[in-house]
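The block underneath contains the structure these notes are about, expressed in structure tokens.
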Amino acid sequence: MKEGLIVKNINAGYDKKRVLEDVSITADMGKVTAILGPNGSGKSTLLKVISRIITPEGGEITLNGENLLSLSRRDSAKRVSYLPQSRNTSDIKVESLVLHGRFPYIGYPRRYRVEDYRKVNEALIKMGIEDKRDTLLSSLSGGERQKVYIAMCLVQETDVILFDEPTTYLDISRQFKVLDEAKALAREGKCVIIVLHDIIQALETADKIIVMKEGRVIKEDVPDNIFSSKVLDDVFSITLEKENCRYFYSRKKDGS
Amino acid sequence: MRKNNLSILLIGLFSLLLSFLLSLLLGSVGIKPTSLFLSLVRGEKTTETNIFIYSRLPRTLASLSSGFALALSGAMLQKVLGNRLAAPGIIGVNSGAGLMVVVAFVLGAVSPWTVSISAFVGALVSSLFVVILSRKIRAGRSTLLLAGVSLNYIFGALSDVLCTLYPKETAMSGDFKVGGFSSVSMPRLLPAVLLIAIASIIAFSFSKDLEVLSLGDDEASALGMNTKRMRLVFIVLSSILAGAAVSFSGLMGFVGLLIPNGVKWVTKGDSSFYLSLSALFGAAFVTICDTLSRLVFSPYEVPVGVILALIGGPVFLFMVVRGKR
């Protein structure tokens, strides 16, 4: 079995402000790993470090034994794809945007090949948006846009896919669809890491949960153990309960 | 959509051809195409052939290449900075080039190459200054624009100081500030046109990178791009284009703002299409304006910058108002 993604002793931040302190996590191939934590706990920064947007100060990131930090950015982009939290919805056609998922694979002069167009076509069909190929991204709904971005990740053909709060701004049925798509990607053998705001969704979707607070990893385990450890109760100041296999939470009462 | 893009491209090509022919044939002295052709074929030296070779041809080449370069430069800056207000005339690139040209005049370096190179150096220094400053203070894209605007005023004022102190040496700089092609000659034009050609080829070859960069820094980095380096490449390219154009055409800032916005208004397409159309319409627009500048009060000439502003201003205003609706 492949050993998956291993992040070891990473420190990182912006300018002189340290955001991540000695962070170590593992994420398996074929599994959905969810990262939970309050605002400012460093979840997005961690994804940015793994996707090489931010260069860490020391530490190690390996994917199936290969040191990601020693690769060129371009080679790293062939192994890790990243869906950011918010984007500019520039005037770009769906097909053109998805095609840029192939950007790490083209050299100079920058020309996409027949093979790239074929892969884009396959991804558009897979996501059910082949009829939108000539539509401008800005005229799509939030849910459709998310499908376009996932199609872009698909053509990037990476082993690791990072989602930064993909359900934000979506209505509840779309949120479930995006989470289903994340699970489907994991079933295909990819290592899916997803930052979520919704604790219940994370507990019900993920195979493994990483809890972060103030730039550190507090706990890393399967959802059941995370629930029983009460770590989420402490981090989010809530009372988390489970009944008939369903999770729900309420505000922690003062003094409890 | 694709059909629409094709028709706009054809309109662009047709306008370019039309502006080229009109600029060659029309002016205070009209040139008859047939007699000019016959004289050129026979190798005769007539008034018409002299006007054609020494005035119209360089002038047409100048207006075409300056419109091409300034609009392309503006289109790139707007993409890189993600702001429709970005243009070489707005972020201080043109005035930086202008200042260095005035400095060159003061120092007595008036050869075509030194003027071209000084304009380019001025454009480059001012754009780099804006980029480095904004990086130091971690400014957003709009702060970068504002920094450029202040630079514009500073360089403009310094140019004025030099012109006041050295009126004789900088006598030519009055024309330079308004912008125009009346004193253009082939030797003055060629180095700049060469620079424009090289920078344009490089710019077009990187149009995919430009599009990826305009998706946002995080997205572009995650696709394997070194965003800092690529942004610098595009800003340097747009400075070369604007600097080279300014070196023979003077300060014609409006083109770089108007044309890319106009192109964006009528069409939606990928970066290479956007860059090509901007360059094409920029060349056609400046050349038509220059022809009009010769014709409106013939035999007198109105500076082309005035015509550009008089036509472009209302068009821009119309686009802004319509866009707002």
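Can you confirm whether B:ARG294 is under 22 Å from B:LEU64 (Cα atoms), of a type in the set (D, E, K, R) and either in contact (Cβ under 8 Å) with a residue 24 or more places away in the chain or part of a helix (DSSP H, G or I) (or both)? Don't jump to the end; show me each part of the working.
On the way: under 22 Å from B:LEU64 (Cα atoms): yes; of a type in the set (D, E, K, R): yes; either in contact (Cβ under 8 Å) with a residue 24 or more places away in the chain or part of a helix (DSSP H, G or I) (or both): yes.
Taking the combined requirement at face value, the residue satisfies it.
Hey, B:SER238 hits all of (1) in contact (Cβ under 8 Å) with a residue 12 or more places away in the chain; (2) surrounded by fewer than 22 Cβ atoms within 10 Å (Cβ to Cβ) but one; which does it fall short on?
(2)
Return the residues of region B:204-226 that are in contact with a Lys or Arg (Cβ under 6 Å, 6 or more places away or on another chain), part of a helix (DSSP H, G or I) and open to solvent by less than 30 Å² (accessible area, probe 1.4 Å); say none if nothing qualifies.
Passing the criteria: B:LEU210, B:SER214.
Being part of a loop (DSSP other than H, G, I, E, B), over 17 Å from A:ILE150 (Cβ atoms) and open to solvent by less than 20 Å² (accessible area, probe 1.4 Å) is the filter here; which residues of region A:94-136 pass it?
As a first pass, look at region A:94-136 and keep what is part of a loop (DSSP other than H, G, I, E, B): A:106-113, A:127-129, A:133-135.
Filter once more, so that each one left must be over 17 Å from A:ILE150 (Cβ atoms): A:106-113, A:134.
Residue satisfying the conditions is A:ILE106 alone.
A:ASN64 - would you say it is at negative phi and not small (Gly, Ala, Ser)?
Details: at negative phi: no; not small (Gly, Ala, Ser): yes.
For A:ASN64, the condition - at negative phi and not small (Gly, Ala, Ser) - is not met.
Can you tell me how many residues in region A:68-85 are touching an Asp or Glu at 6+ places or on another chain (Cβ under 9 Å) and either of a type outside the set (D, E, K, R) or assigned to a helix (DSSP H, G or I) (or both)? If you could, list the steps in order and put the result at the bottom.
Let us first name the residues in region A:68-85 that are touching an Asp or Glu at 6+ places or on another chain (Cβ under 9 Å), namely A:68-69, A:78-85.
Okay, now just the ones that are also either of a type outside the set (D, E, K, R) or assigned to a helix (DSSP H, G or I) (or both), so A:68-69, A:80-85.
The total comes to 8.
Can you go through A:ALA184, A:ALA151 and tell me which one is among the aliphatic types (A, V, I, L, M), closer than 26 Å to A:LEU46 by Cβ, open to solvent by 10 Å² or more (accessible area, probe 1.4 Å) and free of Cβ contacts under 8 Å to residues at least 60 places away in the same chain? Let's see the steps before the verdict.
Values: A:ALA151 fails: open to solvent by 10 Å² or more (accessible area, probe 1.4 Å).
Exactly one of A:ALA184, A:ALA151 is among the aliphatic types (A, V, I, L, M), closer than 26 Å to A:LEU46 by Cβ, open to solvent by 10 Å² or more (accessible area, probe 1.4 Å) and free of Cβ contacts under 8 Å to residues at least 60 places away in the same chain, namely A:ALA184.
Out of curiosity, is A:VAL160 at pLDDT below 90 and aliphatic (A, V, I, L, M)? Explain how you work it out, then say what you get.
Working: at pLDDT below 90: no; aliphatic (A, V, I, L, M): yes.
The answer is no for A:VAL160.
Would you kindly identify the helices (runs of 4 or more DSSP H) lying entirely within region B:35-133 that contain at least 3 residues that are out of contact with any helix residue (DSSP H, G or I) (no Cβ under 7 Å at 6 or more places or on another chain), surrounded by fewer than 24 Cβ atoms within 10 Å (Cβ to Cβ) and at negative phi? I'd like the intermediate steps shown before the answer.
Working: elements: B:47-51, B:57-81, B:93-106.
Counting at least 3 such residues, we get B:47-51.
Can you report the number of residues in region A:39-80 which are in contact with a strand residue (DSSP E or B) (Cβ under 8 Å, 6 or more places away or on another chain), more than 19 Å from A:CYS191 (Cα to Cα) and either open to solvent by less than 50 Å² (accessible area, probe 1.4 Å) or within 14 Å of another protein chain (Cβ to nearest Cβ) (or both)?
Adding up the residues that qualify gives 7.
The values are calculated or read from the model by the stated rules, or taken from the named source; none is laboratory data. The model shown is predicted, which means the values in this text are computed figures rather than measured ones. Here the Cβ is made from the backbone with ideal geometry for all residues, glycine too, and neighbour counts use every protein chain on show. These area figures cover heavy atoms from the full protein model, side chains too; ligands, DNA and RNA do not enter into them. Shrake-Rupley method; radii C 1.70, N 1.55, O 1.52, S 1.80 Å.
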